[in-house]
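The structure appears right after this line, and notes come after that.
Just so you know, all these numbers are worked out from the coordinates, no wet-lab data involved. Please read all numbers here as calculations on a predicted model, not as lab measurements.
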Amino acid sequence: MRIDKYLWCTRYYKTRNQATEACKKGHVKIKGQLVKPAREVYPMDEVSIRKNQIDYQLTVIDIPKSRVGAKLVNIYRKDTTPKEAFEHAKLLRHAKAHYRKKGAGRPTKKDRRDIEDYTNSEDENSEE
């Protein structure tokens, strides 16, 4: 089975097109080598996927005939992703939130318009 189809069947990507694009962009490796979307995948292959700033590691156990339900995914792959990868992604999310809190810093276009509306309404009230 093609690697892009396998990743779609095992629910790593929502569409075949997304899986194909990930392969073309170099986010998918088999045994440490970048692969094209048409590369065949076999049982016991070590696959690594870079998705959402997390490096997923998985081992192919079996090849599904078609897309499988979420509860049945573990029959076809063994997830060997280290817990540190998920913790690192969590830290990145917190760091981004800490860097610039929402509403702080330079005003957005909406903020600027609200300020202009407020100052214009004050000017109209003072003239009366």
Next item on the list: Measure nothing fancy, just the Cα-based angle from helix 109-127's long axis to the longest principal axis of the chain, in degrees from 0 to 90, nearest 10.
Entry: 10
Next item on the list: Quick one: angle between helix 83-99 and the longest Cα principal axis of the chain, in degrees between 0 and 90, rounded to 10, please.
Entry: 10
Item checked: Descending semi-axes in whole angstrom, ellipsoid equivalent of the chain, from the Cα gyration tensor -> 49, 17, 13
Margin query: Below 8 Å between Cα atoms, with a sequence gap of 6+, how large is the relative contact order for the chain in percent?
Written below: 18
Next item on the list: Would you mind checking the pairs Lys31/Lys65; Lys65/Lys90; Lys25/Lys90 and listing those with alpha carbons more than 31 angstrom apart?
Entry: Lys65/Lys90
Check: Which one of Arg11, Arg77, Arg106 has the biggest mean-square fluctuation once the chain is modelled by GNM with Cα springs under 10 Å?
Finding: Arg106
Next item on the list: Would you calculate, for the chain, the mean residue ellipticity at 222 nm contributed by helices, counting each DSSP H stretch of 4 or more residues as -39,500 (n - 2.57) and dividing by all residues, to the nearest 500?
Entry: -13000 deg cm²/dmol
